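A short worksheet on the structure shown next.
The values are calculated or read from the model by the stated rules, or taken from the named source; none is laboratory data. This one's a predicted model, so the numbers in the text were calculated from it and none came from an experiment. Backbone-built Cβ (ideal geometry, glycine too); neighbour counts: all protein chains shown.
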Amino acid sequence: MSEHRATLEKIAPTIEEAIAIGLAELGLSEDNVEIEVLDEGTRGLFGLGNRQARVRLTVKGDAPDTPAQANKAAMEVEESSEAEAPAESAPEPEYDEDDQNMIAVARETVAELLDKMGVKADVNANLGESDDPRFPPPVTVDITGNDLSILIGRRAETLNALQFITRLIVGKELGRGVHVIVDVEGYRMRRERSLRQLARRMASQAVRTGRRQVLEPMAANERRIIHMELRDDENVTTESIGEDPRRKVTITPKHG
């Protein structure tokens, strides 16, 4: 009888990112898993029509229990409790006329761009939260629908291009600069979570091996997430090296 082993499939813009996300979720190193590339993905013309990479990670028989396995029961109890709790309707946010106009222009701009791209999706917009109290909150535009990976692209190139174009059009329409964040099915939130997990995992690996860890090239906003996640870690230091667009983060263990 063959031994049942835990497997996990992950999809991301690149094979490396899919593997990193899977390892972070399992809480294991590459030595503890067998990696199978199911789809290398493709890069479409001008960043459109991309197909994301897909990998399967199989936990080896001698690997330690993963955090996901250890916490599975606790997660099920938590999810069950959340399901039983009565839902409370969140109050509708109140926006002034200027905010309403800004939100409407951003939503209509993205909807029109998607229509010209031949993409059918739902578009919603609202005011997000500002990371810095000195600056106004951004307009966040959420795109939802079926099979929208074409809007993300390799390393989020298509999504970032869509966001850039949206900012230009909205800014021209309103006659001033507007901070607009465009997201697809919560991709940016999931990406940030996976980057934070990756940062912690690679920091632990740096301390364990005593060697500097070099991450894959990332955009400036993603490198910032890595730096912020580890800024209070007393065991490692982080630094960005190289030249754009191949600039990457290094994680170095502190000695002594």
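Annotation: residue 31 fulfils all but one of (1) part of a helix (DSSP H, G or I); (2) modelled with pLDDT under 75; (3) more than 30 Å from residue 162 (Cβ to Cβ); the unmet one is (2). Candidates are the residues of the range 107-140 that are among the small types (Gly, Ala, Ser) and closer than 30 Å to residue 10 by Cβ; the one that is surrounded by the most Cβ atoms within 10 Å (Cβ to Cβ) is 125. Of all residues in the range 198-207, at least one satisfies being part of a helix (DSSP H, G or I), in contact (Cβ under 8 Å) with a residue 40 or more places away in the chain and more than 23 Å from residue 18 (Cα to Cα).
Can residue 143 be described as touching a Phe, Trp or Tyr at 6+ places or on another chain (Cβ under 7 Å) and either surrounded by 16 or more Cβ atoms within 10 Å (Cβ to Cβ) or of a type in the set (Asp, Glu) (or both)?
Numbers: touching a Phe, Trp or Tyr at 6+ places or on another chain (Cβ under 7 Å): no; either surrounded by 16 or more Cβ atoms within 10 Å (Cβ to Cβ) or of a type in the set (Asp, Glu) (or both): yes.
Considered against the rule, which asks whether it is touching a Phe, Trp or Tyr at 6+ places or on another chain (Cβ under 7 Å) and either surrounded by 16 or more Cβ atoms within 10 Å (Cβ to Cβ) or of a type in the set (Asp, Glu) (or both), residue 143 comes out as no.
Would a scan of the range 136-154 turn up a residue that is farther than 23 Å from residue 17 by Cα, at pLDDT below 95 and either touching a helix residue (DSSP H, G or I) at 6+ places or on another chain (Cβ under 7 Å) or part of a helix (DSSP H, G or I) (or both)? So far as the range 136-154 goes, yes, one or more of its residues are farther than 23 Å from residue 17 by Cα, at pLDDT below 95 and either touching a helix residue (DSSP H, G or I) at 6+ places or on another chain (Cβ under 7 Å) or part of a helix (DSSP H, G or I) (or both).
To keep it simple, each residue is scored yes or no on (1) touching a Gly at 6+ places or on another chain (Cβ under 9 Å); (2) in a helix (DSSP H, G or I); (3) of a type in the set (Phe, Trp, Tyr).
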| position | (1), (2), (3) |
| --- | --- |
| 103 | no, yes, no |
| 109 | no, yes, no |
| 116 | no, yes, no |
| 119 | yes, no, no |
| 124 | no, no, no |
| 134 | no, no, no |
| 160 | yes, yes, no |
| 171 | yes, yes, no |
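I'm trying to understand the selection: among the residues of the range 148-178, which are free of Cβ contacts under 8 Å to residues at least 40 places away in the same chain, under 15 Å from residue 103 (Cβ atoms) and either surrounded by fewer than 18 Cβ atoms within 10 Å (Cβ to Cβ) or not assigned by TED's automatic domain parsing to the domain that holds residue 108 (or both)?
Of the residues in the range 148-178, the ones free of Cβ contacts under 8 Å to residues at least 40 places away in the same chain are 148, 151, 159, 163-164, 167-168, 171-172, 175-177.
Within this subset, residues satisfying the condition of being under 15 Å from residue 103 (Cβ atoms) are 167, 171, 176.
Across the range 148-178, the qualifying residues are 171, 176.
Only a single criterion out of (1) of a type in the set (D, E, K, R); (2) over 23 Å from the mean Cα position of the chain (by Cα); (3) closer than 30 Å to residue 12 by Cα; (4) modelled with pLDDT under 65 is not satisfied by residue 79, namely (2). Taking the criterion of being buried (at least 20 other Cβ atoms within 10 Å of the Cβ), part of a strand (DSSP E or B) and of a type in the set (A, V, I, L, M), the residues of the range 179-196 that qualify are 180, 182, 184.
Restricting the first member to the range 236-250 and to residues that are under 18 Å from residue 160 (Cα atoms) and in the same structural domain as residue 225 (by TED's automatic domain parsing), and the second to residues that are surrounded by 12 or more Cβ atoms within 10 Å (Cβ to Cβ) and small (Gly, Ala, Ser), the beta-carbon pairs closer than 8 Å and six or more apart or on different chains are 245/219; 247/240.
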